[in-house]
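Step one of this worksheet: look at the structure below.
The values are calculated or read from the model by the stated rules, or taken from the named source; none is laboratory data. Remember, it's a predicted structure, so these values are computed and weren't measured experimentally. Note that we place each Cβ from the backbone using ideal geometry, even for glycine, and neighbour counts take in every protein chain shown. Each accessible area value is taken on the protein alone, full model and side chains, heavy atoms only, with ligands, DNA and RNA left out. Shrake-Rupley method; radii C 1.70, N 1.55, O 1.52, S 1.80 Å.
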Amino acid sequence: MRVAVIGAGVVGMTTAYFLAQNGHQVSVIEQRGNVSEEASLAHAGLLGPAHLAPLGAPGMVKRILSQWLNSNSTVKLNPSFRLAQWSWLRAWMRECSAEKLLINKEKLQRLGAYGQHLLTDIEHLHNLDFQHRNGVLQLFRTTKEQQKIRAGLAVLTDAGIPFQVLDTAACHQLEPALNQQTALVGGVYMPQDGQGNCVLFSKQLKLITQQLDVKFEFASACEQIQSNKNGVTLLLKQGDLANHVQFDAVVIAAGANSSLFFKQIGIDLPVAQFQSYSATASIKNNEDSPNISIIDEYEQTVITRMDKRIRVAGTLRLGKNSKKTDEIAWQNLRQIATDWFPNAANYHTAQTLTSEHLMLPDGVPLIGPTCKANVFVNLAHAENGWAMATGAGKIIADLISDIKPDINLDGIGLLR
Ligand SMILES: Cc1cc2nc3c(=O)[nH]c(=O)nc-3n(C[C@H](O)[C@H](O)[C@H](O)COP(=O)(O)OP(=O)(O)OC[C@H]3O[C@@H](n4cnc5c(N)ncnc54)[C@H](O)[C@@H]3O)c2cc1C
């Protein structure tokens, strides 16, 4: 089959790879000049499965409402939050119960564990080097945070995913560079969770897919999708040139832009566009820098070492951003990095990025067929798209190829 993939972020790239492996003729349509130049560029590097969790959790509604006026909050509605986004917010609030948290966490972990296993296979098969290593430490500043994650740990036990609950001293022993002065009541070490550089991976996958005859149309934006009895017709724009191109099937993997196609393909789900932020600084003192990736649970922020740099990423903002809200978000990230690793890097010279991503109320990506024939979606990966990409790409490729997917797909398609 001739299959088009819209978007060359990490999700589009893994989709193209597995489609080509299944013998399809694949064209990747990308509006930018290269792969992984949008959300996939800003990633914090974390790979699943244990830490993966949706935003919706008990206590989150209260936290967001109580911090409405606190501009320093790392999870926040921007002042421009629009009425149209209320339907998403209402649906999200329904996902914040303890029961829903466990259901949604299980779905993310199912996808994440599958993805992690496939990623390791691809890494070894093609001899890739994307700075992949294992071990993630989740830190709790307060006992309240520590208690909240107990139910989530039961999901890990049920799924056979290993973790170790650590006290403060054990956290410092595991990561000696952690600042002793910052409040810390304990942590959870997740030895199977990993980190890796999503951009390096995407670029290496580009070379491999080119060898598999995947064609890349860079600087080409898809503006319209029409499903018909022969497949799909895409309206592609390159500068002033517009072309209608026919394919047998299409996969929408256009990241934050994917919702532009919802009306055309009959998807009626509440979806929100969030901004997340990252700041990347060069390491100045090796011995004061982290060796494993850190999640600051309260701040919902990740600190990762990427070769000779440290990246701190997080801060979720719903509603249109402004120069002022962006600057506050980056300042927060610099402060959080300083809290944990004060002498590791010159954070004031950090390179900053903001990027948008889509999130469904349950925080679980949308992967599968749509009600339009030959139109498939692989989107709304929110803050977990790097960890999900490999599993999600293989699932879509198998569905298009009439191969039974390796894992149970309950709750990750349109029916949820
Ligand atoms: C600050 C930050 C930190 C993060 N940290 C992590 C992490 O630690 N672990 C993790 O798993 N995830 C993380 N994520 C999330 C992860 O980065 C995303 O979920 C993932 O990169 C999404 O990949 P994607 O391919 O769907 O989207 P993108 O990377 O945004 O790619 C979509 C592509 O589609 C293209 N496109 C859009 N519209 C069109 C069109 N009409 N025609 C042609 N091309 C189009 C875009 O140009 C883009 O290249 C983080 C995200 C951010 C912002």
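If you take the Cα Rg of the range 133-277 and divide it by 2.2 N^0.38 Å, with N the number of residues, what do you get? Don't skip to the answer; put the middle values down first.
Working: Rg = 23.2 Å, N = 145, 2.2 N^0.38 = 14.6 Å.
For the range 133-277, the normalised Cα radius of gyration comes out at 1.59.
Comparing 117, 172, 126 in a Gaussian network model of the chain (Cα springs below 10 Å), the most mobile by mean-square fluctuation is 126.
Here the Kirkwood formula, the inverse mean of 1/r across different C-alpha pairs, assigns the chain a hydrodynamic radius of 21.7 Å. Listed by chain and number, the aspartates and glutamates whose C-alpha is less than 12 Å from the C-alpha of residue 144, apart from same-chain residues fewer than 8 away, are 297.
Roughly how tilted is helix 323-340, in degrees to the nearest 10 and between 0 and 90, from the longest Cα axis of the chain? Its long axis makes an angle of about 50 degrees.
Stretched out straight at 0.36 nm per residue, the stretch from residue 416 to residue 282 would grow longer than its current Cα-Cα span by 43.9 nm.
Working from label points 7 Å from Cα in the Cα-to-Cβ sense, the residue 97 to residue 120 distance is 3.6 nm.
Could you tally the net charge around residue 361, taking each other residue with its Cβ under 11 Å from the Cβ of residue 361, Lys/Arg +1 and Asp/Glu -1? Don't skip to the answer; put the middle values down first.
Working: positive: 90, 94, 100, 416; negative: 95, 362.
Residues near residue 361 contribute +2 overall.
Counting only DSSP beta bridges with both residues in the chain, the antiparallel share comes to about 70 percent.
Working ranking of peptides 387-395, 52-60 by packing, defined as the average number of other Cβ atoms within 10 Å per residue, highest first, is 387-395, 52-60.
Which log10 I(q)/I(0) values does the range 343-414 give at q = 0.19, 0.21, 0.22, 0.24 Å⁻¹ under the Debye formula, counting every alpha carbon as one identical point scatterer? The Debye formula, applied to the Cα set alone, gives -0.79, -0.92, -0.99, -1.13.
The modelled label-to-label distance between residue 401 and residue 167, using points 7 Å beyond Cα along the C-beta direction, is 5.2 nm. The simple spin-label model puts a point 7 Å past each Cα toward its Cβ; for residue 263 and residue 180 those points are separated by 6.1 nm. With a 1.4 Å probe rolled over the protein heavy atoms of all chains, the accessible area of 357, 348 falls in the order 348, 357, largest first.
Accessible surface comparison of 185, 26, probe 1.4 Å, protein chains only, largest first: the order is 185, 26.
Going from the alpha-carbon gyration tensor of the range 233-296, what semi-axes, largest first and in whole Å, does one get by taking the root of 5 times each eigenvalue? Don't skip to the answer; put the middle values down first.
Numbers: eigenvalues 333, 65, 27 Å².
Over the Cα atoms of the range 233-296, the ellipsoid semi-axes are 41, 18, 12 Å.
Relative to the current alpha-carbon distance between residue 219 and residue 25, full extension at 0.36 nm per residue lengthens the span by 67.8 nm. Of the listed pairs 105/237; 215/320; 105/320; 148/308, which have alpha-carbon separations greater than 31 Å here? In this structure, 105/237; 215/320; 148/308 lie more than 31 Å apart at Cα.
Ranked highest first by the average count of other Cβ atoms within 10 Å around their residues, in what order do 350-356, 398-404 fall? Walk me through the intermediate numbers first.
Values: 350-356: 16.9, 398-404: 14.1.
Highest mean packing first, the order is 350-356, 398-404.
Shown for the range 103-211 is the translational diffusion coefficient from the Stokes-Einstein equation, using the Kirkwood radius over Cα pairs, a temperature of 25 °C and a viscosity of 0.890 mPa s: 153 µm²/s. When 1/r is averaged over all different Cα pairs and the result inverted, which Kirkwood radius in Å belongs to the range 264-386? Result for the range 264-386 stands at 16.0 Å.
In a simple Cβ point-charge model (Lys, Arg +1; Asp, Glu -1; nothing else charged), the range 90-164 has a dipole of about 540 debye relative to its Cα centre. For residue 323 and residue 151, the FRET efficiency from 1/(1 + (r/R0)^6), where r spans their Cβ atoms and R0 equals 45 Å, is about 0.70. Seen against the Cα atoms of the chain and their longest principal axis, helix 150-159 is set at about 50 degrees. The sum of -39500 (n - 2.57) across all DSSP H runs of n ≥ 4, divided by the residue count of the chain, sets its helix-only mean residue ellipticity at 222 nm to -10000 deg cm²/dmol. To the nearest 10 degrees, how steep is helix 385-400 against the longest Cα principal axis of the chain, on a 0 to 90 scale? The angle comes out at about 30 degrees.
Considering only 125, 183, 224, the residue lying farthest towards the positive end of the dipole of the range 118-262 is 183, judged by Cα position with unit charges set on Cβ. Taking θ as phi - 60° and the Karplus parameters 6.51, -1.76 and 1.60, the scalar couplings of the range 356-370 work out to 9, 8, 9, 9, 7, x, 7, x, 9, x, 9, 10, x, x, 10 Hz in sequence order, x denoting glycine and proline.
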